[in-house]
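Undergrad: Let me give you the structure first, and then I'll get to my questions.
Bear in mind these aren't lab numbers, they're just calculated from the coordinates by the rules spelled out. Predicted model, so just to flag it, every value in this text is computed and none were measured. Cβ: placed from backbone, ideal geometry, glycine included. Neighbour counts: every protein chain shown.
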There are 2 protein chains.
Amino acid sequence: MFVCLFALGIPVPGKGDQMLSNSDAALLFKALSDETRLKIVDMVSEVELCACDILEEFELTQPTLSYHMKILTDSGLVQARKDGSWMRYTLNADIAGSLRDYLAQITADNKGANAGRRQHSNCSCQGTCEG
Amino acid sequence: MFVCLFALGIPVPGKGDQMLSNSDAALLFKALSDETRLKIVDMVSEVELCACDILEEFELTQPTLSYHMKILTDSGLVQARKDGSWMRYTLNADIAGSLRDYLAQITADNKGANAGRRQHSNCSCQGTCEG
DNA sequence: CAAACATATAGACATTCCTCTATATGTTAA
DNA sequence: TTAACATATAGAGGAATGTCTATATGTTTG
């Protein structure tokens with residue numbers, strides 16, 4: 001039977017993304033533990049944005065936004081690129097993927113020694129999902 | 001072409017789990033922003049455990065563990081069940097699933113108006129995944 | 001160069017977080 | 001009922017967080 005390894009929280013082999021350490025994951029979740037930063041992640045996952053574009057969407061001062069961007073880039077979840085006087089931000093899709101894998105891993109209940117493969121409750125792939 | 005909706009971060013219809021609000025998600029990520037709590041989540045996702053079982057795995061005092069369990073249960077990520085003198089803890093799989101969906105959603109780059117369905121980088125389902 | 005623009009840093013301040021000790025509450029067992 | 005066990009609560013203290021104002025740094029433009 002084919003199952004969706006991703007949905008089971010099993011890192012897909014050959015993808016090159018390694019399981020995050022607990023401390024890295026804690027840092028990434030801390031970066032996501034603030035509503036402002038959640039909105040920023042959502043924004044920069046769609047399209048590259050400069051700080052001034054992001055600032056317009058919030059009622060924050062420029063230094064406060066800079067503080068949040070530093071937390072996001074230090075965690076690795078957001079990439080910064082300097083373009084003249086602008087800083088352009090995008091999501092780091094690899095880190096985001098690793099964090100999704102990590103979250104799936106620690107919330108999966110198939111980690112015991114005798115855990116068998118089975119359909120994950122959150123996967124729509126009714127057994128047809130390649131594993 | 002069939003794609004994996006789950007891996008795309010699109011809530012699977014008919015599952016009954018609603019997209020979390022930003023503030024709920026921030027609270028859940030805050031619950032996960034501490035290494036001790038990450039380990040606890042990993043532990044209780046495998047098997048129901050009482051506080052004393054969990055305490056043995058850490059170099060913490062009992063009140064400190066109680067503090068962490070309160071944060072985890074208040075967030076909804078962990079369920080508590082009183083059994084005589086013991087508190088038994090398990091992962092709330094529904095909330096965990098909603099959080100995985102939320103994370104997939106805000107880190108997906110397919111949210112624009114003209115976004116097309118396509119294979120997600122973290123899904124092993126090579127187009128065979130039912131959507 | 002000087003002015004305007006974009007961003008970062010420094011420092012202050014209130015709040016929250018994580019840990020502890022001490023103690024309280026509730027449950028089981030002798 | 002008393003002792004032992006399991007957990008929760010109160011309160012303290014130091015560290016971290018999120019916000020601001022003021023200022024510094026670097027870039028573009030007239």
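Undergrad: At 7 angstrom along the Cα-to-beta-carbon line, where would the label on residue A:22 sit relative to the other copies? Give the distances in nm, shortest first.
TA: Its label point is 3.2 nm from the equivalent points in the other copies.
Undergrad: Given A:111/B:82; A:39/B:30; A:70/A:111; A:30/B:82; A:30/B:39; A:111/B:111, which pairs have Cα atoms separated by over 27 Å? Display every interim value, and only then the final one.
TA: Numbers: A:111/B:82 25 Å; A:39/B:30 15 Å; A:70/A:111 35 Å; A:30/B:82 30 Å; A:30/B:39 15 Å; A:111/B:111 33 Å.
Check vs 27 Å cut-off fails for A:70/A:111; A:30/B:82; A:111/B:111.
Undergrad: A further question follows. Cα gyration tensor of segment B:42-93, axes a ≥ b ≥ c as square roots of the eigenvalues: rounded (a/c below 1.5), prolate (a/b > b/c) or oblate?
TA: Judged from the Cα gyration tensor, segment B:42-93 comes out rounded (a/c under 1.5).
Undergrad: Please find the FRET efficiency linking residue B:59 to residue A:35, where r is the Cβ-Cβ separation and R0 is fixed at 35 Å, and quote it to the nearest 0.05.
TA: It comes out at approximately 0.60.
Undergrad: What nm distances, shortest first, do you get from the label point of residue A:80 to those in the other copies when the point sits 7 angstrom along Cα to Cβ?
TA: Copy-to-copy label distances for residue A:80: 4.0 nm.
Undergrad: Right, next: What does the charge count around residue B:65 come to, taking other residues whose C-beta lies under 14 Å from its C-beta (Lys +1, Arg +1, Asp -1, Glu -1)?
TA: Neighbourhood net charge equals -3.
Undergrad: Follow-up. Can you give the mean number of other chain Cβ atoms that lie within 10 Å of the Cβ atoms in peptide A:22-29?
TA: Partner-chain Cβ atoms within 10 Å, mean over residues of A:22-29: 5.
Undergrad: Related question: Sort out for me the Cα centre separation of segment A:41-84 from segment B:39-113, rounded to whole Å.
TA: Centre-to-centre distance over Cα atoms comes out at 30 Å.
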